[in-house]
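J.: Just dropping this structure here.
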Amino acid sequence: MGLSGSIGRKNHSTNNSGHSGNRRRETMNSTMCRGLGRILVVLAVFAVAAAVGINPAGAQNYPTKQIEMVAWASPGGGSDIMCRSFSKAAEGIIPQPLVVVNKKGGGGAVGMAYVQGRPADGYTLLGITNNLLYTPLSNKDFQFSYKDFEPIIMWGYDPKCIAVAANSPYKTIEDLVAAAKGAPGKLKIGTFGPGTDDHVTGYMLGKTAGVQFGFVPF
């Protein structure tokens with residue numbers, strides 16, 4: 001998940017002027033990202049207020065106390081990084097702190113259950129990925145579904161990729177599939193845990209290619 005922006009023009013200069021142009025573009029990129037973040041925060045505030053039934057006049061006073069944003073990942077995980085980026089963008093825009101709370105476990109189930117147990121008053125938010133769809137299907141003890149949550153805003157995009165060590169013998173996806181066919185279950189894919197989007201993506205890859213991967217949660 002992430003926000004990105006770029007602006008600039010092709011630079012035909014060289015040497016110092018080229019470096020100067022790069023610095024200007026980096027500055028503009030950073031400014032644009034901050035601007036997008038501020039816009040998203042403002043939109044999210046009004047969306048939350050509307051979702052919990054606060055009228056437009058009252059929305060201007062929201063929030064009146066600290067807001068918790070629950071990240072389903074450990075500190076440093078994708079969900080955590082995005083929540084903290086959003087929290088940082090909110091500084092100076094909303095009058096109360098937006099505090100990130102980590103509730104890891106169960107492919108997001110722990111965080112979802114925590115939010116479900118809190119009042120629906122706009123002061124407990126859930127930073128979630130498409131695990132909101134996967135987890136209820138893969139966890140038989142999960143008592144909620146995506147219908148029990150109100151989507152507020154999408155602030156990032158989380159593409160999936162396969163990465164190997166630089167000295168790995170696998171240079172293409174074909175190399176990887178061929179190795180998996182030769183040793184079913186021996187080739188391991190690291191994931192955030194059973195039922196997470198990483199696990200489901202790896203499983204779908206194996207099913208499509210007709211191979212069996214092993215999965216290691218971390």
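None of the figures in this text is laboratory data; all of them are computed from the coordinates on show. These numbers were taken from a predicted model, which means no experiment stands behind them. Cβ atoms come from the backbone with ideal geometry, glycine included; neighbour counts cover every protein chain shown.
J.: If one computes the Cα centroid of the range 172-218 and of the range 89-141, what distance in Å separates the two points?
T.: Between the Cα centres of the range 172-218 and the range 89-141 lies a distance of 28 Å.
J.: Using R₀ = 25 Å, calculate the FRET efficiency as 1/(1 + (r/R₀)^6) where r is the Cβ-Cβ separation of Asn130 and Gln96; round to 0.05. It would help to have the intermediate numbers written out before the result.
T.: On the way: r = 29 Å, r/R0 = 1.17.
Efficiency computed from Cβ-Cβ geometry: 0.30.
J.: Next question. If the limit is 25 Å between Cα atoms, which of Lys104/Lys147; Lys65/Lys88; Lys147/Lys207; Lys160/Lys181; Lys140/Lys207 go over it? All intermediate terms of the calculation are to be shown ahead of the outcome.
T.: Details: Lys104/Lys147 21 Å; Lys65/Lys88 17 Å; Lys147/Lys207 28 Å; Lys160/Lys181 22 Å; Lys140/Lys207 22 Å.
Among Lys104/Lys147; Lys65/Lys88; Lys147/Lys207; Lys160/Lys181; Lys140/Lys207, the Cα-Cα distance tops 25 Å for Lys147/Lys207.
J.: Separate question: What number, in percent, do you get for the relative contact order of the range 61-196 if the mean sequence gap of Cα pairs under 8 Å and at least 6 apart is divided by its residue count? Don't skip to the answer; put the middle values down first.
T.: Numbers: 164 pairs, mean separation 33.5, N = 136.
Here the relative contact order equals 25 percent.
J.: With each pseudo-label sitting 7 Å past Cα toward Cβ, what's the Asn61-Lys88 distance in nm, one decimal?
T.: 3.3 nm
J.: Scale the Cα Rg of the range 153-202 by the rule-of-thumb value 2.2 N^0.38 Å and send over the ratio, two decimals. If you can, show how the numbers build up before the last one.
T.: Details: Rg = 13.4 Å, N = 50, 2.2 N^0.38 = 9.7 Å.
The range 153-202 yields a ratio of 1.38.
J.: So if we plug the beta-carbon distance of Gln116 and Cys161 into 1/(1 + (r/R0)^6) with R0 = 30 Å, what FRET efficiency do we get, rounded to 0.05? Please report the intermediate quantities before stating the final value.
T.: Values: r = 32 Å, r/R0 = 1.06.
According to the calculation, E is roughly 0.40.
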